[in-house]
Amino acid sequence: MPADPNDSRRVEGALFHPRRITRAVLAAETPAVEAFVTDVGGLTQVAEKEGISAYRAETTGYDLLIVPAATVPGAGLVGFSLLVEELDDLQRSIEAARDKGIEMRVADTQAKLSAVLRDPDGLAVEFYHPKGDDSMESLPVPGEGDLWVFQG
C-alpha cells in the first residue's frame, strides 16, 4: 500500500514513517512478571527458551518479549518496535538517517529489514519492515548489550 500524502498519521518531516507500534521488549527478574502478563494481562505465551519468553494477544504473532534482566544492562523496558509498511519507505529513511550521521544498527535478514536506533534517553527503538507474515521466526539468542533482542 503506497503512502497516502493526506494521511494525518504520517509526519512528513520525520525521518521514519511507522504505521504502528508492534511489540515491546521487557527485561524482568522474576516469574511474577510473566504470571502478571498472562494472568492479569491476558496474553498467551507462544514461545519460551532459556528464560526468554514471547507473548501475544489474540491475533498477532507476538507483542511482548520478556528476557532475563541479567542478559541486558538492566531490568525494565529494553525497547520497542515500530512497523513500517513500505519497504522502500524504510530504505529511504535508513539512507536519510545515515546522511544525517545518526547511529543505528541495520539488519537485513530473511524475516525483515530492521534499523535500531537509540532515543535521547538511550532506549532502543526498532523500525522494521517484515518480509512475509510478521510472526516470530525464532527467539533471539542473548548477545552483548541489548540490541540482540531485535534479532529474528
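Each row is one residue, and each column tells you yes or no for (1) surrounded by 14 or more Cβ atoms within 10 Å (Cβ to Cβ); (2) of a type in the set (Ser, Thr, Tyr); (3) more than 23 Å from residue 61 (Cβ to Cβ).
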{"site": "97", "(1), (2), (3)": "yes, no, yes"}
{"site": "102", "(1), (2), (3)": "no, no, yes"}
{"site": "106", "(1), (2), (3)": "yes, no, no"}
{"site": "109", "(1), (2), (3)": "no, yes, no"}
{"site": "115", "(1), (2), (3)": "yes, no, no"}
{"site": "124", "(1), (2), (3)": "yes, no, no"}
{"site": "139", "(1), (2), (3)": "yes, no, no"}
{"site": "142", "(1), (2), (3)": "yes, no, no"}
{"site": "151", "(1), (2), (3)": "yes, no, no"}
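Confirm whether residue 95 is charged (D, E, K, R), in contact with a strand residue (DSSP E or B) (Cβ under 6 Å, 6 or more places away or on another chain) and under 14 Å from residue 16 (Cβ atoms). Against the criterion (charged (D, E, K, R), in contact with a strand residue (DSSP E or B) (Cβ under 6 Å, 6 or more places away or on another chain) and under 14 Å from residue 16 (Cβ atoms)), residue 95 does not qualify.
Within segment 57-80, the set of residues being charged (D, E, K, R) and either within 13 Å of the chain's Cα centre (by Cα) or outside any loop (DSSP other than H, G, I, E, B) (or both) comprises 63 only. Here residue 87 passes the criteria (1) at pLDDT 85 or above; (2) surrounded by 15 or more Cβ atoms within 10 Å (Cβ to Cβ); (3) touching a Lys or Arg at 6+ places or on another chain (Cβ under 9 Å); (4) more than 27 Å from residue 120 (Cβ to Cβ) except the one numbered (2). Please specify each residue of segment 43-56 satisfying the condition of being out of contact with any strand residue (DSSP E or B) (no Cβ under 7 Å at 6 or more places or on another chain) and either part of a loop (DSSP other than H, G, I, E, B) or loosely packed, with under 12 Cβ neighbours inside 10 Å (or both). Answer for segment 43-56, where residues must be out of contact with any strand residue (DSSP E or B) (no Cβ under 7 Å at 6 or more places or on another chain) and either part of a loop (DSSP other than H, G, I, E, B) or loosely packed, with under 12 Cβ neighbours inside 10 Å (or both): 49, 50. Considering only residues that are modelled with pLDDT of 85 or more, hydrophobic (A, V, I, L, M, F, W, C) and assigned to a loop (DSSP other than H, G, I, E, B), look in segment 6-42 and name the one that is nearest to residue 97 (Cα to Cα). Taking the candidates together, the pick is 15.
The values are calculated or read from the model by the stated rules, or taken from the named source; none is laboratory data. All figures in this text were calculated on a predicted structure; none of them were measured in a lab. Methodologically, a virtual Cβ is constructed for each residue, glycine included, from the backbone with ideal geometry; neighbour enumeration extends over all protein chains shown.
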